[in-house]
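Shown next, in structure tokens, is the structure this report addresses.
The values are calculated or read from the model by the stated rules, or taken from the named source; none is laboratory data. Computed from a predicted model, the values in this text were never measured in an experiment. Counting neighbours? That spans all protein chains shown, and the Cβs are built from the backbone with ideal geometry, glycine included. Just so you know, the surface numbers come from the protein's heavy atoms only, side chains and all, with ligands and any DNA or RNA stripped out. Shrake-Rupley method; radii C 1.70, N 1.55, O 1.52, S 1.80 Å.
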Amino acid sequence: MEEVPGSVGTSASFSLRLGQTIFSGASLFFMALGAQFYSYTAFRYLVTVMGLAIPWSLTLAIVDGYSVLVKCSIRQQGIVVIIIVGDWVLSLLTLAAACSTASVVDLLLHSDSSYCPRKVCGRFQISAAMAFLSWFLSMASSLFNLWLLPSL
């Protein structure tokens, strides 16, 4: 069986999943710091998606860490397909949430300043940036696992 760096059960996959968890948590944290996030649907959508991404990424990080420590492979075609589909769905949701949040923040910053104070909008911008970083890592791990799939 081919060893693809970044695919499920490797230390690179563990670091990708840990990064996804950290960036998703940071995005959720910075969004929750703003007391006005519930006023906009895009912000609530980002909070919901990050709330889904954190347990998914953390669970797969634990599975990868266990697989690396015990040196047991969990590479079975059915499991890898489920992980790929879950990653694709979650990465598309994360991208949509990050894009919508970034566009709403941009709209609020370029409109009247009474809608969003600079400090609060800055936190929302950081939250959107963290969501984009989480999406990038999620898509990377999904592509690595997709690359592994034909060899199973």
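Just a few scattered comments:
- Our coupling estimate for region 73-86, obtained by passing each phi through the Karplus curve with A = 6.51, B = -1.76, C = 1.60 and θ = phi - 60°, is 8, 10, 7, 10, 4, x, 5, 5, 5, 4, 5, 5, 5, x Hz, Gly and Pro reported as x.
- Between 0 and 90 degrees, the angle of helix 11-33 with respect to the longest Cα principal axis of the chain falls at about 20 degrees.
- 0 to 90° range, to nearest 10: angle between helix 41-70 axis and the chain longest Cα axis: 30
- Principal-axis tilt of helix 118-148 within the chain, Cα atoms, nearest 10 degrees: 20
- Relative to the current alpha-carbon distance between residue 111 and residue 70, full extension at 0.36 nm per residue lengthens the span by 9.3 nm.
- Cysteines in the chain that, by Cβ-Cβ distance, have no pairing candidate under 4.7 Å: 72, 99
- Cβ-placed point charges (K, R +1; D, E -1), dipole of region 1-131 about Cα centre in debye, nearest 20: 300
- Taking every protein chain into account, the accessible area of the chain amounts to 51 square angstrom per residue (probe 1.4 Å).
- Applying 1/(1 + (r/R0)^6) with r as the Cβ-Cβ distance of residue 59 and residue 3 and R0 = 25 angstrom yields a FRET efficiency of 0.65.
- Contact order, relative form, for the chain: 41 percent (alpha carbon pairs under 8 Å, 6 or more residues apart, mean separation divided by residue count).
- Residue-span extension gain [residue 33 to residue 149] - 0.36 nm each, minus C-alpha spacing: 37.7 nm
- The chain - percent of accessible surface contributed by carbon and sulfur, probe 1.4 Å: 73
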